[in-house]
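The values are calculated or read from the model by the stated rules, or taken from the named source; none is laboratory data. Model, not experiment: these values are computed from the prediction. Every residue, glycine among them, receives a Cβ derived from its backbone with ideal geometry; neighbour counts consider all protein chains shown. Accessible surface areas use protein heavy atoms only, side chains included; no ligands, DNA or RNA. Shrake-Rupley method; radii C 1.70, N 1.55, O 1.52, S 1.80 Å.
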Amino acid sequence: MDDQAVHSAAGPVAGTVTGPDELCFRTATDLAAAIRRREVSAREVVTAHLEQIERVNPAVNAIVTLVAEQALEEAAKADARLMSGAEVGPLHGLPVAHKDLHDTAGIRTTYGSPIFADRVPDLDHLVVERLKNAGAITIGKTNVPELGMGSHTVNEVFGPTRNPYDLSRSAGGSSGGAGAALAAGMLPIADGSDTGGSLRNPASFNNVVGLRPSPGRVPSWPDKAPWSQLSVKGPMARTVTDVALGLSVLAGPDPRSPLALETPGAAFAGPLDGGVRGLRVAWSADLGGAVPVDAEVRDALGPAVEVFASLGCEVEEACPDLSGADEVFLVQRAWQMELAYGALLDEHRHRMAPDVVWNIEEGRKLTGPELARAQLLQTALYHRVREFFETYDLLLLPVSQVAPFDIRLPYPASVDGTAMETYLDWMRSAYLISVTGCPALSVPAGFTPEGLPVGLQVVGPHRQDRAVLAAGYAFEQATRTAERRPAVALRDGSRS
């Protein structure tokens with residue numbers, strides 16, 4: 001991108017900011033308020049983020065399609081709208097890059113696949129539509145694994161997304177581009193999706209916040225599996241308040257989504273400062289013995305329990321019985337992958353990665369009785385978890401079983417001495433929660449001795465998304481872990 005083009009298109013503006021780092025690391029909530037108060041223009045905000053992308057993205061590779069000129073034109077329109085006195089949305093003037101699994105009308109959307117490398121959709125996905133309607137300005141797309149499969153963002157079209165805290169490490173996935181872009185100050189807010197941890201794992205790996213909402217909380221359209229509750233869309237940001245802001249825009253019913261919940265998005269707006277005093281909190285370092293977790297992750301999360309106790313919670317070690325959850329996830333995911341991409345496999349097998357082929361073929365092996373058994377297991381799991389939350393208000397767990405791993409690896413070969421047989425195994429701490437149907441938040445919680453981020457997973461009762469956000473906010477305010485920035489993102493090369 002040409003520096004001169006950016007500056008000339010932006011034009012002269014007056015503002016009260018002190019520099020580009022300050023703009024790029026202000027919260028989305030503060031930035032939106034500053035734009036509405038005309039303390040800073042949308043053009044200045046978009047320009048600062050485009051300059052940050054130009055400076056940092058070559059090293060990180062989080063933004064894979066950039067529409068800088070279009071974004072600057074939209075920013076000028078946003079400023080004119082505000083000056084006219086017209087009503088504006090809650091994200092008015094904020095730049096956003098959409099996950100490359102979410103269709104964007106007129107902007108290349110590849111799904112991280114060579115098959116779709118030159119695809120330009122005619123329609124926006126519903127989440128893109130809602131962000132635009134709220135006033136957000138599209139600046140591009142964020143990187144994903146091929147067809148969004150897995151929690152390590154690498155593909156043949158764009159290559160790997162690198163972790164801003166250590167460029168030799170993975171940024172997670174499948175919303176890895178979004179997580180890395182947020183951490184590096186290239187975006188103030190982002191959209192993502194989560195089947196087995198794709199909003200939570202990259203949030204954990206990049207020291208940002210990601211919410212897997214309750215199924216149906218954020219409607220999805222178009223969608224090849226609109227009746228499935230396994231995959232959800234949701235927000236990511238650097239703070240819990242900004243994630244709540246994103247959810248307030250994305251949530252709410254839509255007739256095109258048959259499972260959409262009726263609660264309006266406005267229910268998630270407003271302060272989250274109710275506190276957690278008196279809550280009954282369960283903590284498990286290994287999901288009740290269900291998964292191995294590396295020692296450096298357990299050590300980083302240990303103090304989290306003490307934080308909740310210091311905030312007035314009753315904390316004890318406990319976990320619901322998650323037996324059967326593994327089978328439920330693997331069966332439902334394989335069925336969904338075959339439904340979505342089976343026809344693609346028949347035509348383009350030679351252009352698909354081995355893990356993608358394996359996923360789809362696992363779905364083709366499924367029988368009716370296997371699908372029925374998964375339904376029965378999930379029903380029993382639902383009731384065990386429901387009864388667990390009659391005793392406890394929250395469940396705290398690791399998001400990821402490992403810290404960000406070597407970017408050259410397809411996935412961690414072992415966790416705490418236990419071999420990982422497939423590229424899904426190391427994500428079990430996230431995907432076992434997916435099939436419970438509970439809302440789950442990844443919030444920054446600590447760092448390993450090597451300086452790698454570790455997130456805490458906060459899980460709440462069914463459909464209690466706001467309670468999960470409030471708990472995450474209380475923890476965030478007590479720890480301030482999210483305020484530690486990666487050196488690659490700062491102009492002086494320091495680490496804040």
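Of the residues examined, Pro369 is not one that is open to solvent by less than 30 Å² (accessible area, probe 1.4 Å) and either over 28 Å from Pro235 (Cα atoms) or under 26 Å from the mean Cα position of the chain (by Cα) (or both). Can you name every residue in the stretch 411-424 that is part of a loop (DSSP other than H, G, I, E, B) and more than 20 Å from the chain's Cα centre (by Cα)? Result: Pro412, Ala413, Asp416, Gly417, Met420, Glu421, Thr422.
Please work out which residue is nearest to Ser170 (Cα to Cα), limiting yourself to the stretch 65-78 and to residues that are open to solvent by 20 Å² or more (accessible area, probe 1.4 Å) and outside any loop (DSSP other than H, G, I, E, B).
Within the stretch 65-78, the first condition is being open to solvent by 20 Å² or more (accessible area, probe 1.4 Å), and the residues that meet it are 66-67, 69-70, 73-74, 76-77.
Now narrow it down to the ones that are outside any loop (DSSP other than H, G, I, E, B): 66, 69-70, 73-74, 76-77.
On the way: Leu66: 22, Glu69: 30, Gln70: 30, Glu73: 34, Glu74: 33, Ala76: 36, Lys77: 37 Å.
Selected residue: Leu66.
Among the conditions (1) assigned to a loop (DSSP other than H, G, I, E, B); (2) crowded, with 24+ Cβ neighbours inside 10 Å, Leu441 misses just one, which is (1). Sub-6 Å Cβ pairs linking a first residue in the stretch 287-311 that is small (Gly, Ala, Ser) and in a helix (DSSP H, G or I) to a second residue that is open to solvent by less than 30 Å² (accessible area, probe 1.4 Å) and modelled with pLDDT of 95 or more, at least 6 apart or interchain, are Ala300/Gly446; Ala300/Thr448; Ala300/Val454; Ala304/Ala445; Ala304/Leu456, ordered by first then second residue.
Restricting Val96, Val40, Val45 to residues that are modelled with pLDDT of 95 or more, within 26 Å of Val208 (Cβ to Cβ), part of a helix (DSSP H, G or I) and touching a helix residue (DSSP H, G or I) at 6+ places or on another chain (Cβ under 7 Å) narrows the list to Val45.
In the stretch 372-384, the residue that is surrounded by the fewest Cβ atoms within 10 Å (Cβ to Cβ) out of those that are under 14 Å from Trp335 (Cβ atoms) and of a type outside the set (A, V, I, L, M, F, W, C) is Gln375.
Report yes if Pro12 is at pLDDT below 95, over 27 Å from Val488 (Cβ atoms) and not small (Gly, Ala, Ser), otherwise no. Yes, satisfied. Residues in the stretch 107-142 that are closer than 23 Å to Leu182 by Cα, among the charged types (D, E, K, R) and in a loop (DSSP other than H, G, I, E, B): Arg108, Asp124.
Do we have any residue at all in the stretch 232-239 that's over 20 Å from the mean Cα position of the chain (by Cα) and of a type in the set (Lys, Arg)? No, the conditions are met nowhere in the stretch 232-239.
For beta carbons closer than 8 Å, sequence separation of 6+ or different chains, a first residue in the stretch 216-230 that is closer than 16 Å to Cys438 by Cβ and at pLDDT 95 or above and a second that is among the basic types (Lys, Arg) and not in a loop (DSSP other than H, G, I, E, B), the qualifying pairs are Val218/Lys233; Leu230/Arg333.
Which ones in the stretch 244-286 are part of a loop (DSSP other than H, G, I, E, B), open to solvent by 60 Å² or more (accessible area, probe 1.4 Å) and touching a Ser or Thr at 6+ places or on another chain (Cβ under 7 Å)? Those that are part of a loop (DSSP other than H, G, I, E, B), open to solvent by 60 Å² or more (accessible area, probe 1.4 Å) and touching a Ser or Thr at 6+ places or on another chain (Cβ under 7 Å): none in the stretch 244-286.
Does any residue of the stretch 124-133 turn out to be β-branched (Val, Ile, Thr) and either over 25 Å from Ala403 (Cβ atoms) or open to solvent by 20 Å² or more (accessible area, probe 1.4 Å) (or both)?
So in the stretch 124-133, the residues β-branched (Val, Ile, Thr) come out as 127-128.
Narrowing further to those that are either over 25 Å from Ala403 (Cβ atoms) or open to solvent by 20 Å² or more (accessible area, probe 1.4 Å) (or both): 127-128.
The answer is yes, given that some residue of the stretch 124-133 is β-branched (Val, Ile, Thr) and either over 25 Å from Ala403 (Cβ atoms) or open to solvent by 20 Å² or more (accessible area, probe 1.4 Å) (or both).
Do we find a residue being in a helix (DSSP H, G or I) and surrounded by 22 or more Cβ atoms within 10 Å (Cβ to Cβ) anywhere in the stretch 385-408? Checked against the condition, which is being in a helix (DSSP H, G or I) and surrounded by 22 or more Cβ atoms within 10 Å (Cβ to Cβ), the stretch 385-408 yields at least one hit. Tell me, yes or no, whether the stretch 427-438 has at least one residue that is over 21 Å from the mean Cα position of the chain (by Cα), open to solvent by 10 Å² or more (accessible area, probe 1.4 Å) and at pLDDT 95 or above. Within the stretch 427-438, not a single residue is over 21 Å from the mean Cα position of the chain (by Cα), open to solvent by 10 Å² or more (accessible area, probe 1.4 Å) and at pLDDT 95 or above.
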